[in-house]
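Read the structure below first, then the notes.
The values are calculated or read from the model by the stated rules, or taken from the named source; none is laboratory data. Just so we're clear, the structure is a prediction, and the values are computed from it rather than from any experiment. Cβ placement follows ideal geometry from the backbone for every residue including glycine, while neighbour counts extend to all protein chains displayed. SASA here: full protein model, heavy atoms, side chains in, ligands and nucleic acids out. Shrake-Rupley method; radii C 1.70, N 1.55, O 1.52, S 1.80 Å.
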Amino acid sequence: MAEASSILFLALFLALFVAAPALDSPQYTVVHSESDFEVRWYRPSAWMTSQQEDLSFTSATLKGFHRLFQFIQGANLNSSRIPMTAPVLTGIVPSTGPFCSSTFRVRFFLPPQFEKSPPVALPELSLAPEFWPERCIATRSFSGFAKDENVAVEAAKLAASLSKTLWSNATSKETISGVDSYSIAQYDSPFKIFSRHNEVWVPLAKCSAAKNCLPERVADDNTEERRTSS
């Protein structure tokens, strides 16, 4: 009964956050855009993260954000209340077998006033801050609800789109221990039915933010071409 009440309270809170006139979000610049994906350069950012093992994306996201919700409502050593931000980001490291748990990292974006010195979460929440340097990320938007049945499908569609471009070799083709294969960004309350906005994020590890997020090989070729022409 207590767990059901807390989940209901969390859902009601999530239903309210879209009522805010504007939510803080990670800052980025679109460096390339196609009809079905974008390549973005993201500025440095800070996140509070909840990690768990689970068989279900939906279950892991709910459990992880429940702990993050307590943190932003004051369950930290400063008793600080932190305003809602967007998106709620779930990083996924897929399991190696059909009946094995995957690793999920549910992240809350810390607004600018907290990014340099985040409040310390109460120990029982098992949360940890993450500080991201600037990075290049490929994204694909999709509508509806992000759930177990469609998140991997949407990630595969993004991978297929990238395979036809300069970025075909810019992502890791194999699962790397402890590294998110992809993330799902959710921007809306669970009570919003229509015009929902979600995104798949895939890190472009073999791209340089300093070189407009071009793959390293392409960026090096362009540099050599300019050097030769001059």
**OP:** Check T103, T85 and return the single one that is open to solvent by 10 Å² or more (accessible area, probe 1.4 Å) and among the polar types (S, T, N, Q).
**Re:** T103
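Quick test for you: out of S126, S80, S56, pick the one residue that is of a type in the set (S, T, Y), in contact (Cβ under 8 Å) with a residue 24 or more places away in the chain and open to solvent by 70 Å² or more (accessible area, probe 1.4 Å).
Working: S80 fails: open to solvent by 70 Å² or more (accessible area, probe 1.4 Å); S56 fails: open to solvent by 70 Å² or more (accessible area, probe 1.4 Å).
Answer to the check: S126.
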Original post:
Which of the residues that make up the range 196-221 are at pLDDT below 55, out of contact with any Ser or Thr (no Cβ under 8 Å at 6 or more places or on another chain) and within 25 Å of P44 (Cβ to Cβ)?
Top reply: D220
**OP:** Test K157 against the stated conditions and say whether it is touching a Lys or Arg at 6+ places or on another chain (Cβ under 8 Å), open to solvent by 40 Å² or more (accessible area, probe 1.4 Å) and either modelled with pLDDT of 95 or more or not in a helix (DSSP H, G or I) (or both).
**Re:** yes
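Restricting to the range 1-42, name every residue that is assigned to a loop (DSSP other than H, G, I, E, B), surrounded by 14 or more Cβ atoms within 10 Å (Cβ to Cβ) and modelled with pLDDT of 95 or more. Even if it seems obvious, please write down each step before you answer.
Looking only at the range 1-42, we keep the residues that are assigned to a loop (DSSP other than H, G, I, E, B), and these are 1, 18-23, 25-27, 34-37.
With surrounded by 14 or more Cβ atoms within 10 Å (Cβ to Cβ) added as a condition, the list becomes 18, 23, 25-26, 37.
Residues satisfying the conditions are S25, P26, F37.
Taking the conditions exactly as written (over 23 Å from R107 (Cα atoms) and either loosely packed, with under 14 Cβ neighbours inside 10 Å or hydrophobic (A, V, I, L, M, F, W, C) (or both)), does L162 satisfy them or not? Let's see the steps before the verdict.
Details: over 23 Å from R107 (Cα atoms): yes; either loosely packed, with under 14 Cβ neighbours inside 10 Å or hydrophobic (A, V, I, L, M, F, W, C) (or both): yes.
Answer is yes for this residue.
Would you check if T171 is within 20 Å of F104 (Cα to Cα) and modelled with pLDDT under 85?
Details: within 20 Å of F104 (Cα to Cα): yes; modelled with pLDDT under 85: yes.
The answer is yes for T171.
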